[in-house]
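**Q** Dumping the structure here so I can ask a few things about it.
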Amino acid sequence: MTDKKDLAASKKALMKSIDDVYEMYVGMLSLLVETTEYTGIDAIERSNKHLPTAEDLNPNMKLLNNKFAVTLKQNPDYLAAIHKYKINWMADPEFVKAIFNTLKVTPEYAAYLADEDNSLEGSKTIIKFIFRKIILKSHNIIQAFEDKFINWSVDKEVMQGMVAKTIKNFTSEDPFKNSLTPISQDWEEDSKFVQDLFAYTLRNNKEYHELIAERTKNWESERIALMDTILMKMAICELLNFPSIPVKVTINEYLDLSKDYSTPKSNSFINGILDKILGDLKRTDSIHKTGRGLIEE
């Protein structure tokens, strides 16, 4: 019972870590929206100066009506996600204020205000600039995300890709005709794969460890990176338990992962060990592929 409870708890933590990526993504979109909305707050503050200038009394409000931001904040999926994750950057307005104050003195912002293009596509240029050149370079903003999301350093690239794809794919001024970027194209199927891979790897951990140990006898255990061992166990699990995934796809997938998550020498090490283990599994007729899993090229 304890093992089952531990597995269930671990699986729940895994799925939470994936959901954190989506929350991170929605939080970043919200920060972009609230930066555009700060235009209104800034206008009020300027008009309340003791000696406001003519420009203070009649500021350019183009960013407040940025078509991408307006369309996004009316999108039902976005609104539902904001509600689900209870995202509200204005609970600490200094974050948004700092971004806006950095933005408003840049030549890119001046060029945006002077440009008469008010189209949806035209509105995206300044949004990309705010995201890439101000938010992602703000120490305070990055620190806020790091404090909230323990895996920020690993997941930030996925989040950045999702935000970039969202900006690109919002092509209609009708908020109901645009969609947020999903974690994957078929999350229902992919979610099952993630959970099954996780569960099978844990359940067969001892067996997979023995397969690896048999082929690493000449290596001192402390010299083998923990991440290398984990990746090899996951690869073995995929080879044995997922008949629709071709062998070469599995091998290449984990070699790619080793480049991102392990040591510089891990790629060649894992490739060599998995090649030997694959030979062992084939000799014992342990690998059974079906459908597209039979594809060798």
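Here, each number is a calculation from the coordinates, and none is a lab measurement. The model shown is predicted, which means the values in this text are computed figures rather than measured ones. Note that each Cβ is placed from the backbone with ideal geometry, even for glycine, and that neighbours are counted across all protein chains shown.
**Q** What value, in deg cm²/dmol to 500, does the helix sum -39500 (n - 2.57) over DSSP H runs of n ≥ 4 give at 222 nm once divided by the residues of the chain? Let's see the in-between values first.
**A** Values: 14 runs with 199 residues, N = 297.
After summing the helix terms and dividing by the residues of the chain, the value is -21500 deg cm²/dmol.
**Q** Roughly how many debye, to the nearest 20, is the charge dipole of the chain about its Cα centre, given +1 on each Lys and Arg Cβ, -1 on each Asp and Glu Cβ, and no other charges?
**A** Numbers: 39 positive and 45 negative charges, 70 e Å.
In debye, rounded to 20, the chain gives about 340.
**Q** What are the ³J(HN,Hα) values, in whole Hz, obtained from phi via the Karplus relation 6.51 cos²θ - 1.76 cosθ + 1.60 with θ = phi - 60°, for each residue of region 43-52 in sequence order, with x given for Gly and Pro?
**A** Here the 3J(HN,Hα) series is 5, 5, 4, 5, 5, 8, 4, 4, 10, x Hz.
**Q** Of 101, 122, 141, which is farthest towards the positive pole of region 62-151's charge dipole, taken about the Cα centre with +1 and -1 on the beta-carbons of Lys, Arg and Asp, Glu respectively?
**A** Towards the positive end, the residue furthest out is 141.
**Q** Looking at the chain, identify the longest residue range that excludes and avoids all trypsin sites (Lys or Arg not before Pro) in DSSP loops having at most 10 other Cβ atoms within 10 Å. Can you show the working numbers first?
**A** Numbers: sites that count: 49, 86, 217.
Segment 87-216 is the longest.
**Q** In debye to the nearest 20, how big a dipole does region 154-297 give about its Cα centre with +1 on each Lys and Arg Cβ and -1 on each Asp and Glu Cβ? The partial results should precede the final answer.
**A** Working: 19 positive and 24 negative charges, 61 e Å.
Its charge dipole is roughly 300 debye.
**Q** Shifting gears a bit: Looking at region 79-130, which GluC sites (Glu not before Pro) are in a loop (DSSP not H, G, I, E or B) and have at most 12 other Cβ atoms within 10 Å? Walk me through the numbers before you get to the answer.
**A** Details: sites: 94, 108, 116, 121; in loops: 116.
Filter output for region 79-130: 116.
**Q** Straight-line reach only, C-alpha to C-alpha below 23 angstrom: list the lysines that residue 67 could link to, leaving out same-chain residues fewer than 8 apart.
**A** 97, 104, 124, 128, 133, 165, 168, 177
**Q** For residue 206, which aspartates and glutamates qualify as cross-link partners when the Cα separation must be under 13 Å and same-chain residues fewer than eight apart are set aside?
**A** Straight-line reach from residue 206, under 13 Å: 214.
**Q** Rg to Rh ratio, region 87-217, alpha-carbon atoms and Kirkwood radius? Kindly include the intermediate steps, with their values, before the conclusion.
**A** Numbers: Rg = 21.5 Å, Rh = 18.8 Å.
A ratio of 1.14.
**Q** Still on this structure, please answer the following. Taking the square root of 5 times each eigenvalue of the Cα gyration tensor, what semi-axes in Å does the equivalent ellipsoid of region 158-293 have, largest first? It would help to have the intermediate numbers written out before the result.
**A** On the way: eigenvalues 244, 68, 30 Å².
Over the Cα atoms of region 158-293, the ellipsoid semi-axes are 35, 18, 12 Å.
**Q** Kirkwood hydrodynamic radius of region 1-114 from all distinct Cα pairs, in Å? Write out the running numbers ahead of the final one.
**A** Details: mean 1/r = 0.0598 Å⁻¹.
Hydrodynamic radius (Kirkwood, Cα pairs) of region 1-114 is 16.7 Å.
**Q** Which value results when the Cα radius of gyration for the chain is divided by 2.2 N^0.38 Å?
**A** Numbers: Rg = 25.0 Å, N = 297, 2.2 N^0.38 = 19.1 Å.
So the chain has a normalised radius of gyration of 1.31.
**Q** Using the Cα centre of region 167-252 as origin and beta-carbon charges of +1 (Lys, Arg) and -1 (Asp, Glu), tell me which of 185, 198, 235 is placed farthest towards the positive end of the dipole.
**A** 235
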